[in-house]
Amino acid sequence: MEIMRTHKVSKRFPGVLALNGVDLVVETGKIHCIVGENGAGKSTLIKILTGLYEPDEGDVFIDGKSVRLDSRLFGRVAYVPQELDQFENMTVADNLFMPLQSSDVNSFLIRKSRLQSLAVPWLEKFQISAGPEQLARDISVSEQQLLQIARGMVNDSAQILLLDEPTTSLTTKDTQRLFEVVRQLKDSGKAIIFISHKIEEIFQLADEITVLRNGEKVAHSRAEEVDIAWVIRQMVGREIDQTISYASENVSDEVLLDVENLTGDIFSGVGFQLRKGEILGFSGLVGSGRSEVMQAILGYLPVWSGSVLLDGKSWKFGDTHFSVENGYIYLPEERKRQGILPYMSVRKNLTISLLEQVSNRFALSGKREAALSREIVEAYNIKAASLEQQIRFLSGGNQQKVIIGRSMYSRPKVLVFDEPTKGIDVGTKTEIYRLMKKLAEETGIGIILISSEIEEVMRCANRIATMYNGRLAGIFDTANSDKSAILNSIIGVA
């Protein structure tokens, strides 16, 4: 049964037609997946379906009624954003029933013990093992994600659940746990709108698939009638070969980075070598220590013992400025929080770490800054309305290319990519893969690729180092290793 419908919805921003005449039908008891490349219009559509944006043309109907005439209808929609959005210093129970007036708990004078008691059945229903008295900041990422869904469903009037990239930070095991909860909600008669760049997830969940491209709805189908190749073709408008290897074909025998017996807070005895022109994959479960090792080399986390040589030079620990000056560049996983200055322009984000290159003897040169920015934009095919556009308005893929371009103009020797395609569509992923391969082969830098996606490291890395429980579990030659052996190493199976 239909519960939500959009009719010829369009939305314009200065210089951009974000949505153009989009029709969408959402039914109860079904999971409707919306897919598209970065910039296809998904985020704009989400904001319209949740009442944050008002369409310039067209309308949204909930239960057959226009939201233009009654905005209270948006109370039927529970939205779970991609980024975790908790009151970290409040308890799980507080977060569950916040805001109180939209839940069954409608008294501001309720006792804390009573609130925690009311939370228990909800936590059980959504498979949350955390106690109601625990602080939200102290529970796992997967439990925080489930808590956000539960918070949306506490409101009895919520009939539509909108999930935006909910598995971005989850392990495979936690993703399946989330899917169980989503299927239970579907079986209870809720309508689910699910957005993901991970196409294999789409086919685990979807009843219906709608594809957006350049702000328009280009395709719709029942999931059982199509396959992954069809979805990719509709998304990007062309065929993409998912079997191509992006491993470097110009790997030197010369060791660039030599790490021996490195020990820190959550890792111990880690040793590996990275060669010039090589792409070295690092894989492991969340919490295995894969990112922490690279952050410790950078100087962001402490090192207790061990040694590092970069290009034969002894390393200074605990000094990020030294690391960057000597060619070790780390591109963080949390792009929006740690990699960009969201309210500054593309130009400022491109040159913020290149001030020596855009300054004259006395001050910053606007002319040099603009010229260098244009050069990087052209070199890395960054799509932006202008250099003065705030970077937060760029797609995730273009934000990533800004970070890569800026880093490359810092003349790195080692470039660490931590989850570089997180939240990025399949077409832009391919661009990032090609770019890594080109950088390794043509400049001779060494690349370390940290990724939760085993298919990604197998397609891009010359060798794969696996981490388990803070230790290096194994190093595999990608061309001569099978997926099962690598997966066994990741989960600690001999």
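The values are calculated or read from the model by the stated rules, or taken from the named source; none is laboratory data. Note that this is a predicted model, so its numbers are computed, not measured. Virtual Cβ from ideal backbone geometry, glycine too; neighbours counted across all protein chains shown.
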Just need a number here: residues in segment 27-58 that are surrounded by fewer than 23 Cβ atoms within 10 Å (Cβ to Cβ) and either in a strand (DSSP E or B) or not assigned by TED's automatic domain parsing to the domain that holds ILE202 (or both).
3
Could you identify the single residue in LEU309, LEU331, LEU341, LEU298 that is surrounded by fewer than 18 Cβ atoms within 10 Å (Cβ to Cβ) and in contact with a Phe, Trp or Tyr (Cβ under 7 Å, 6 or more places away or on another chain)?
LEU309
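Enumerate the helices (runs of 4 or more DSSP H) found wholly within segment 395-494, keeping only those where 3 or more residues are touching an Asp or Glu at 6+ places or on another chain (Cβ under 7 Å). Step through it out loud before you land on a result.
On the way: elements: 396-408, 426-443, 454-460, 483-490.
Hits in segment 395-494: 426-443.
Out of GLN86, GLN127, GLN82, GLN101, which single residue is part of a loop (DSSP other than H, G, I, E, B), modelled with pLDDT under 85 and out of contact with any helix residue (DSSP H, G or I) (no Cβ under 7 Å at 6 or more places or on another chain)? Give the derivation first.
On the way: GLN86 fails: out of contact with any helix residue (DSSP H, G or I) (no Cβ under 7 Å at 6 or more places or on another chain); GLN127 fails: out of contact with any helix residue (DSSP H, G or I) (no Cβ under 7 Å at 6 or more places or on another chain); GLN101 fails: part of a loop (DSSP other than H, G, I, E, B).
It is GLN82.
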Note: among LEU301, LEU355, just one is farther than 23 Å from PHE393 by Cβ and at pLDDT 90 or above, namely LEU301
Against the condition outside the structural domain of ARG12 (by TED's automatic domain parsing), over 24 Å from PHE13 (Cβ atoms) and part of a helix (DSSP H, G or I), how does LYS348 come out, does it pass?
no
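Does segment 245-261 include one or more residues that are in the same structural domain as SER291 (by TED's automatic domain parsing), over 30 Å from ARG76 (Cα atoms) and modelled with pLDDT under 90? Give the derivation first.
In the first step, residues of segment 245-261 are kept if they are in the same structural domain as SER291 (by TED's automatic domain parsing); the result is 245-261.
Of the ones still in play, those that are also over 30 Å from ARG76 (Cα atoms) are 245-261.
Narrowing further to those that are modelled with pLDDT under 90: 245.
Yes, there is a match, as at least one residue in segment 245-261 is in the same structural domain as SER291 (by TED's automatic domain parsing), over 30 Å from ARG76 (Cα atoms) and modelled with pLDDT under 90.
Restricting segment 255-271 to residues that are among the aliphatic types (A, V, I, L, M) and in a strand (DSSP E or B), which is surrounded by the fewest Cβ atoms within 10 Å (Cβ to Cβ)? If you could, list the steps in order and put the result at the bottom.
Residues of segment 255-271 among the aliphatic types (A, V, I, L, M): 255-257, 259, 262, 266, 270.
Still in the running and in a strand (DSSP E or B): 255-257, 259, 262, 270.
Details: VAL255: 16, LEU256: 22, LEU257: 24, VAL259: 21, LEU262: 23, VAL270: 23.
Within segment 255-271, the match that is surrounded by the fewest Cβ atoms within 10 Å (Cβ to Cβ) is VAL255.
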Within segment 130-150, residues surrounded by 19 or more Cβ atoms within 10 Å (Cβ to Cβ) and touching a residue at least 60 places away in the same chain (Cβ under 8 Å) come out as GLN144, GLN145, LEU147, GLN148, ILE149
Can you name every residue in segment 404-418 that is surrounded by fewer than 22 Cβ atoms within 10 Å (Cβ to Cβ) and at pLDDT 85 or above?
PRO412, LYS413
Does segment 421-438 include one or more residues that are touching a helix residue (DSSP H, G or I) at 6+ places or on another chain (Cβ under 6 Å), of a type in the set (Lys, Arg) and without any contact (Cβ under 8 Å) to a residue 60 or more places away in the chain?
no
Restricting segment 312-321 to residues that are within 17 Å of ASP258 (Cα to Cα) and not hydroxyl-bearing (Ser, Thr, Tyr), the one surrounded by the most Cβ atoms within 10 Å (Cβ to Cβ) turns out to be TRP315
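Identify the residue in segment 194-231 that is acidic (Asp, Glu) and assigned to a loop (DSSP other than H, G, I, E, B) and, among all such residues, is surrounded by the fewest Cβ atoms within 10 Å (Cβ to Cβ).
Checking each candidate, the answer is ASP227.
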